[in-house]
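Participant: Could you have a look at this structure, given as C-alpha cells, before my questions?
The values are calculated or read from the model by the stated rules, or taken from the named source; none is laboratory data. Model, not experiment: these values are computed from the prediction. So basically every Cβ, Gly included, is an ideal-geometry build from the backbone, and we count neighbours across all protein chains shown. The protein model used for the area step is the full one, side chains on, heavy atoms only, and it has no ligands, DNA or RNA in it. Shrake-Rupley method; radii C 1.70, N 1.55, O 1.52, S 1.80 Å.
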Amino acid sequence: KGNTIQLLHIETSLKVPLEIPELNFPIYIHGQVDRIDKYNGETRIIDYKTGTVYKGDLELMHWDELRTEYKYSKAFQVLSYALMMYRDTPFETAQAGIISFKNLGNGFLPFATKDSSRGKKDVSITKEVLSLFEEQLKGLILEICNPEFPFVEKEIE
C-alpha cells in the first residue's frame with residue numbers, strides 16, 4: 001500500500017527517575033517496550049498483547065479515570081512507555097498503542113484522547129499529553145505511598 005516502516009528498537013529496557021518532591025526517597029519507573037518504529041515517519045511505541053484488546057480500552061475522555069478504571073490499565077502502560085521514551089529520547093509527537101494477537105485484523109490500536117463518547121479522537125502523544133499523564137502517575141504513587149489510604153487491588157469487572 002506504499003507505507004514505510006522503519007524498526008528503531010525491539011524489546012528495549014527503559015528506566016527513568018520521577019521527581020516527586022513530597023517523597024523523601026527516589027522513584028524510578030522502568031519497563032520493557034516491545035517495539036518502537038516509524039510508520040510513514042510517525043514514531044510509534046508498541047506493546048504486544050496475546051489477549052484481546054479493544055480500542056475503547058485505549059480511548060480516554062477523563063484523565064482521572066486512568067487511575068480509577070481498570071479497563072485503562074493498557075493505556076496506562078503504553079503512556080508509561082511513552083513517558084520513559086520521551087525522557088530518554090525527546091520527541092515532538094508520537095503514538096503509543098497495542099497490537100493484539102487475538103484481534104490482529106484491527107492492526108495497531110493507538111492510545112487516544114477524545115472530548116465526548118462520539119467525539120473526535122486525538123492519537124498524538126505530545127509534551128502536554130505526557131504532562132497530564134505524569135500528573136496521574138504521581139498522584140497514584142503518592143496514594144500508594146500514603147499509609148493513611150488502605151492499599152486495595154482494583155477489581156476486574
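Participant: HIS9 - would you say it is exposed (fewer than 11 other Cβ atoms within 10 Å of the Cβ), out of contact with any helix residue (DSSP H, G or I) (no Cβ under 7 Å at 6 or more places or on another chain) and not acidic (Asp, Glu)?
Facilitator: no
Participant: What single numbered condition from (1) at pLDDT 95 or above; (2) within 12 Å of the chain's Cα centre (by Cα); (3) closer than 26 Å to PRO21 by Cα fails to hold for ALA94?
Facilitator: (3)
Participant: While we're on this one: Looking at region 100-129, which of the residues that are at pLDDT 90 or above and acidic (Asp, Glu) is nearest to LEU83 (Cα to Cα)?
Facilitator: GLU128
Participant: In this structure, is ILE27 touching an Asp or Glu at 6+ places or on another chain (Cβ under 7 Å) and either touching a residue at least 40 places away in the same chain (Cβ under 8 Å) or open to solvent by less than 50 Å² (accessible area, probe 1.4 Å) (or both)?
Facilitator: no
Participant: Does THR52 qualify as being surrounded by 15 or more Cβ atoms within 10 Å (Cβ to Cβ) and either modelled with pLDDT of 95 or more or among the hydroxyl-bearing types (Ser, Thr, Tyr) (or both)?
Facilitator: no
Participant: Restricting to region 101-126, and then to whatever is out of contact with any helix residue (DSSP H, G or I) (no Cβ under 7 Å at 6 or more places or on another chain) and among the small types (Gly, Ala, Ser), can you tell me which residue is nearest to ILE5 (Cα to Cα)?
Facilitator: GLY107
Participant: For region 111-129, enumerate the residues that are buried (at least 18 other Cβ atoms within 10 Å of the Cβ) and free of Cβ contacts under 8 Å to residues at least 60 places away in the same chain.
Facilitator: PHE111, ALA112, THR113, VAL123, VAL129
Participant: Moving to a separate point now. Tell me the residue from ASP47, ASP34 that is free of Cβ contacts under 8 Å to residues at least 40 places away in the same chain, among the charged types (D, E, K, R) and assigned to a strand (DSSP E or B), please.
Facilitator: It is ASP34.
Participant: Another question about this same structure. Could you figure out which of (1) open to solvent by 70 Å² or more (accessible area, probe 1.4 Å); (2) of a type outside the set (S, T, N, Q); (3) within 20 Å of VAL123 (Cβ to Cβ) isn't true of ILE45?
Facilitator: Among (1) open to solvent by 70 Å² or more (accessible area, probe 1.4 Å); (2) of a type outside the set (S, T, N, Q); (3) within 20 Å of VAL123 (Cβ to Cβ), the lone unmet condition for ILE45 is (1).
Participant: Can you tell me how many residues within region 83-110 are assigned to a loop (DSSP other than H, G, I, E, B), under 12 Å from TYR54 (Cα atoms), open to solvent by 80 Å² or more (accessible area, probe 1.4 Å) and not charged (D, E, K, R)?
Facilitator: Residues flagged as assigned to a loop (DSSP other than H, G, I, E, B), under 12 Å from TYR54 (Cα atoms), open to solvent by 80 Å² or more (accessible area, probe 1.4 Å) and not charged (D, E, K, R) within region 83-110 amount to 1.
Participant: Under 7 Å by Cβ, and 6 or more places apart or on different chains, what pairs join a residue from region 141-157 that is surrounded by 11 or more Cβ atoms within 10 Å (Cβ to Cβ) and part of a helix (DSSP H, G or I) with one that is among the charged types (D, E, K, R) and at pLDDT 85 or above?
Facilitator: LEU142/GLU22
Participant: If we scan region 70-82, do we find a residue that is surrounded by 15 or more Cβ atoms within 10 Å (Cβ to Cβ), assigned to a strand (DSSP E or B), touching a strand residue (DSSP E or B) at 6+ places or on another chain (Cβ under 7 Å) and not small (Gly, Ala, Ser)?
Facilitator: No, there is no match, as no residue in region 70-82 is surrounded by 15 or more Cβ atoms within 10 Å (Cβ to Cβ), assigned to a strand (DSSP E or B), touching a strand residue (DSSP E or B) at 6+ places or on another chain (Cβ under 7 Å) and not small (Gly, Ala, Ser).
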